[in-house]
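The values are calculated or read from the model by the stated rules, or taken from the named source; none is laboratory data. The structure displayed is predicted, hence computed values, not measured ones. Cβ: placed from backbone, ideal geometry, glycine included. Neighbour counts: every protein chain shown. Heavy atoms of the whole protein, side chains included, go into the accessibility calculation; ligands, DNA and RNA do not. Shrake-Rupley method; radii C 1.70, N 1.55, O 1.52, S 1.80 Å.
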Amino acid sequence: MSKIPDTILLRYGELALKGGNRNSFEKTLAANIASATESIADVKILRERGRMTATLKSNPERIERVANRIAEVPGLSSLSLCIPCEADPETISGLVNQHLLRMFEFSAPGAPRITFRVETKRADKRFPIASTEFDQYIAQRLPESLWDKLQVQLKRPELVIGVDIRTKGAYVYFGRTPGIGGLPVGSQGRVVCLLSGGIDSPVAAYYAMKRGCRVDFISFLSPPYIGEPTRQKLVKLVRKVGRFQPKNRLHIVPFTEIQEAIRDHAPEAYRTILYRRMMQKIASRIAFRNRGKAIITGESIGQVASQTLSNIACIEEASLLPVIRPLIGFDKLETIKIAREIGTFDISNEPEPDCCTVFMPNGPVIHGQIAHCLEAEEKLDMKGLIKNALDGIEAIDIDTDA
Ligand code: ATP
Ligand code: MG
């Protein structure tokens with residue numbers, strides 16, 4: 001019997017399991033967890049009725065690292081480090097006591113009591129004691145030396161001592177860490193995300209992944225106006241935000257020829273909208289090649305001049321796929337908060353410019369009209385420009401930060 005945790009108990013929300021997709025949901029989740037942890041330790045994942053366990057077959061001292069990594073895999077509601085043992089009342093009670101004694105070994109005498117509750121789940125009804133009674137069984141058998149350190153409190157205790165009784169044995173755990181929720185990446189198909197290097201689009205990509213979409217990244221770059229430093233920044237962003245999914249590819253699209261054509265042949269006030277329409281057209285085609293079903297952007301309403309409802313309508317009209325804007329109702333500060341949490345904020349804040357700043361118009365149109373966009377595009381060799389951009393794509397496969 002192992003005395004230190006070598007297993008992580010993984011829970012996923014019930015809601016996600018409605019309908020007949022449970023099996024594929026679980027398979028996808030297990031595969032994503034395996035992929036997230038493979039560079040840290042040899043982890044064996046077992047699916048067991050409504051939950052999973054991940055057991056370290058090597059490097060047990062890395063369990064915290066593995067747990068932290070798994071906590072970021074979309075699809076999990078919470079996880080707990082746990083100790084597997086025999087499903088036998090005395091064994092379980094002994095293990096709980098041993099662990100608590102170790103936990104309180106260095107606690108100062110007279111320190112305030114820690115509130116706790118035992119939480120037993122009995123999936124195997126052959127176990128001789130019912131759940132609530134077993135909670136009491138454990139509590140009554142706590143070592144005397146801990147009586148002045150612990151106090152039962154059923155509502156919001158500081159410590160939950162969990163006992164999970166399964167057919168093939170039991171797990172004992174102490175506390176739980178929240179997961180990020182959502183759905184396993186891949187369970188909802190693929191999308192492409194327009195990644196700009198700003199604060200918003202990486203956050204938008206995160207939300208798409210969290211809802212189970214596999215995201216392919218697309219960035220537009222205009223060398224020599226916008227070049228290597230911005231490219232490096234984009235790679236760094238994907239390396240960071242891409243850790244929420246198993247594999248990452250960034251498509252870098254050359255945009256210089258298109259921007260120069262728009263500068264030379266279209267009304268100045270429409271430049272930004274026309275750039276964005278081109279991005280939609282090209283992104284739609286990249287999506288088709290990769291079985292992508294939607295385009296994700298970091299736009300929200302009214303955040304910058306280009307993001308009025310009429311301009312959003314002009315941009316959307318150019319897309320061949322649904323455009324999804326996870327941040328549509330976010331204030332900038334809300335987006336920044338998430339960007340900090342997922343670790344992209346500092347990278348986005350690096351001062352490297354975005355290609356939309358090239359030939360920036362003096363008075364950009366605030367309420368663009370689709371008819372004017374179409375008229376301007378008639379003067380451009382749209383087919384040729386799009387073809388050249390697609391032919392010049394550089395696709396980079398990116399390993400993420402483990
Ligand atoms: P971000 O912080 O993501 O740049 P933003 O609020 O600054 O967003 P814009 O710069 O107007 O807004 O860009 C709106 C959206 O257009 C971006 O979120 C991104 O999805 C897309 N986008 C803009 N520039 C590029 C680019 N060079 N490559 C790819 N996508 C881009
Ligand atoms: Mg921007």
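Restricting the first residue to region 218-245 and requiring it to be without any contact (Cβ under 8 Å) to a residue 60 or more places away in the chain, which pairs with a second residue that is more than 16 Å from ligand 2 (Cβ to nearest atom) meet a Cβ separation below 6 Å and a spacing of at least six or different chains?
Once the first residue is without any contact (Cβ under 8 Å) to a residue 60 or more places away in the chain and sits in region 218-245, its partners that are more than 16 Å from ligand 2 (Cβ to nearest atom) give Ser219/Ile252.
Out of the residues in region 25-42 that are over 22 Å from Arg214 (Cα atoms) and of a type outside the set (Val, Ile, Thr), state the one that is surrounded by the most Cβ atoms within 10 Å (Cβ to Cβ).
Ala41
Check whether at least one residue in region 286-297 is in a strand (DSSP E or B), closer than 19 Å to Cys193 by Cβ and open to solvent by 70 Å² or more (accessible area, probe 1.4 Å), and report yes or no.
Looking for residues that are in a strand (DSSP E or B), closer than 19 Å to Cys193 by Cβ and open to solvent by 70 Å² or more (accessible area, probe 1.4 Å), one finds at least one in region 286-297, hence yes.
For region 105-114, indicate whether the set of residues that are surrounded by fewer than 20 Cβ atoms within 10 Å (Cβ to Cβ), among the aromatic types (Phe, Trp, Tyr) and touching a residue at least 12 places away in the same chain (Cβ under 8 Å) is non-empty.
The answer is no; no qualifying residue exists.
Any idea which of Ile45, Ile70 is touching a residue at least 12 places away in the same chain (Cβ under 8 Å) and open to solvent by less than 20 Å² (accessible area, probe 1.4 Å)?
Result of the check over Ile45, Ile70: Ile70.
Considering every residue within region 185-206, establish whether at least one is within 19 Å of Gly292 (Cβ to Cβ) and of a type in the set (Phe, Trp, Tyr).
Yes: one or more hits.
Inside region 204-230, can you point out the residues that are in a helix (DSSP H, G or I), away from ligand 2 (no atom under 16 Å from the Cβ) and open to solvent by 50 Å² or more (accessible area, probe 1.4 Å)?
Passing the criteria: Tyr207, Glu228.
Here is a list: Thr297, Thr308. Which entry is assigned by TED's automatic domain parsing to the domain that holds Ile226 and at pLDDT below 95?
Thr308
Taking the options Val238, Val253, name whichever one is closer than 30 Å to Lys27 by Cβ and outside any loop (DSSP other than H, G, I, E, B).
Only one candidate passes the filter, namely Val238.
Test of understanding: among Arg263, Arg340, which residue is free of Cβ contacts under 8 Å to residues at least 24 places away in the same chain, open to solvent by 10 Å² or more (accessible area, probe 1.4 Å) and basic (Lys, Arg)?
Arg340 is the lone residue from the list that is free of Cβ contacts under 8 Å to residues at least 24 places away in the same chain, open to solvent by 10 Å² or more (accessible area, probe 1.4 Å) and basic (Lys, Arg).
Just wondering, is there one or more residues in region 178-189 that are open to solvent by 30 Å² or more (accessible area, probe 1.4 Å), free of Cβ contacts under 8 Å to residues at least 40 places away in the same chain and not polar (S, T, N, Q)?
No; the residues of region 178-189 include none that is open to solvent by 30 Å² or more (accessible area, probe 1.4 Å), free of Cβ contacts under 8 Å to residues at least 40 places away in the same chain and not polar (S, T, N, Q).
Regarding Ser300, is this residue in contact (Cβ under 8 Å) with a residue 24 or more places away in the chain, of a type in the set (Gly, Ala, Ser), open to solvent by less than 70 Å² (accessible area, probe 1.4 Å) and more than 14 Å from ligand 1 (Cβ to nearest atom)?
Considered against the rule, which asks whether it is in contact (Cβ under 8 Å) with a residue 24 or more places away in the chain, of a type in the set (Gly, Ala, Ser), open to solvent by less than 70 Å² (accessible area, probe 1.4 Å) and more than 14 Å from ligand 1 (Cβ to nearest atom), Ser300 comes out as no.
So, Ser319, is that one open to solvent by 30 Å² or more (accessible area, probe 1.4 Å), assigned by TED's automatic domain parsing to the domain that holds Gly343, away from ligand 2 (no atom under 16 Å from the Cβ) and not β-branched (Val, Ile, Thr) or not?
Criteria not met by Ser319.
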